[in-house]
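Only one structure is covered here, and it is reproduced in the block below.
Since every read-out is calculated from the coordinates, none of them should be taken as a lab result. Nothing here was measured: the structure is a model prediction, and the numbers come from that model. All Cβ positions, glycine included, derive from the backbone under ideal geometry; neighbour counts span all protein chains shown.
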Amino acid sequence: MKTYLTYGFYMALGNALIVFALYFLGWHSEAAKLDLAQKIQMFGSIGISIACLIYGIREHRDALPPMDAYGYGRALGTGFMIALFASLFGAIFTYLYAAVVNPGFIEVMLQAQSDQLEAKGLSADRIEQVNSMTRSMMKPAIQAGIGFFMGLFFSTLFALITAAFLKRSARDEVVAS
């Protein structure tokens, strides 16, 4: 349980540090910079997530005796639990960020969306309809819920892949001894 909490916390913390860096650099205050900021955040989050899953699964595997098999299912279970705790911590951070730290971020996101829709040639009335529908889903609690499920989904996908590389059979470890 300690491994799950530790690496889940590290994963959420790493992702939060990326968000804070982008916030303090001013990339979350202008719609023009938001697209690049989201790409930086996405790729950084992928790297942090995979690294935390690899280190967490490896630490959990190495804590077991070499005679015990650490198959794909066990490695995946460890990765999923890390992802679950990371998603819980991440949802709490998302709520606090959207509600307390940067409540104006929702308006920046809506402005960026409006700019994209305007570039595609949509009318002002249609853009306003889309923005009003989007605004109803941009409340901090809803963002935290969506973030939880999206984080859990993608982290589980990463765990599916990393588990395949970090499994071990008992026979391999006994022969290596």
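Before moving on, here are some points about what is shown:
- Residue-count net charge about residue 118 - beta-carbon cut-off 15 Å; Lys, Arg +1, Asp, Glu -1: -2
- Using 0.36 nm per residue and subtracting the Cα-Cα separation, the extra length available between residue 122 and residue 92 on full extension is 7.2 nm.
- Sorting the segments 28-35, 51-58, 13-20 by their mean number of nearby beta carbons within 10 angstrom, highest to lowest, gives 51-58, 13-20, 28-35.
- Pairs of Lys residues in the chain, spaced 8 or more positions apart or belonging to different chains, with C-alpha separations under 28 angstrom: 6 in total.
- Relative contact order (%) - criterion: Cα under 8 Å, at least six apart; region: the chain: 36 percent
- Crossing angle, helix 105-119 versus the chain [Cα axis fit, 0-90 degrees, rounded to tens]: 70 degrees
- This ranking places 167, 2 by how few other beta-carbon atoms lie within 10 Å of each, fewest first, which gives 2, 167.
- Sequence ranges 151-158, 3-10, 126-133, ranked by mean other-Cβ count within 10 angstrom, highest first: 3-10, 151-158, 126-133
- Here the extension length gained between residue 33 and residue 67 equals 7.0 nm, from 0.36 nm per residue of separation less the Cα-Cα distance.
- Simple label model, 7 Å out from Cα along Cβ direction - residue 150 to residue 101, nm: 1.6 nm
- Options (1) 167; (2) 118; (3) 109 - which one matches volume of the Cα convex hull per residue in Å³ as calculated here: (2)
- Residue-span extension gain [residue 141 to residue 50] - 0.36 nm each, minus C-alpha spacing: 30.1 nm
- Here the simple spin-label model places points 7 Å from the Cα toward Cβ, and for residue 129 and residue 169 these points are separated by 6.0 nm.
- Each residue of the stretch 89-97 was assigned a 3J(HN,Hα) from its phi angle through the Karplus curve 6.51 cos²θ - 1.76 cosθ + 1.60 (θ = phi - 60°); the sequence is 5, x, 5, 4, 4, 4, 4, 5, 5 Hz, with glycine and proline shown as x.
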